[in-house]
């Protein structure tokens, strides 16, 4: 039996469709092994913060939309979405099938993002982090004998936040 084949050559394993399917299975196995090697050194998801998880979900949604859009452009560029194979039966182009799957998967990811209000949650986490940082700065200034309510001190702290914020955007 050929690598990736599910039937022996005596029972249809030499048929063009079986050979193509076996080659596709072998390519999927190779790609999966390659990806497994690449991700082996990544930190476990348990070490991620909640904001990391939300950011990854938004990243996945963006990737799903880009994939769907790329496939949509490919299908739009096709002369025809069907073809006749060597035995005379009509087939739908692979790009069309991929687009159909991409549309469904993109809809599911976007539905999850909307249902979880991911953007709102990220903004909420960010607002909470800013409030915490402001409180820490206020307490440090007070401990150093500096009046945190002084407009000049507030202006100086605000300018520092803007300067540092610009470095991270």
Discussion item. What's the number of the only condition in (1) over 30 Å from residue 130 (Cα atoms); (2) at pLDDT 90 or above; (3) exposed (fewer than 12 other Cβ atoms within 10 Å of the Cβ) that residue 59 fails to meet?
Written reply: (1)
Worksheet entry | Options 86, 96; residue that is assigned by TED's automatic domain parsing to the domain that holds residue 70, in contact with a helix residue (DSSP H, G or I) (Cβ under 9 Å, 6 or more places away or on another chain) and more than 30 Å from residue 60 (Cα to Cα) | 86
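The values are calculated or read from the model by the stated rules, or taken from the named source; none is laboratory data. Everything numeric here is computed off the predicted structure, so don't read it as measured data. Reconstructed Cβ throughout: ideal geometry from the backbone, glycine too, with neighbour counts over all protein chains shown.
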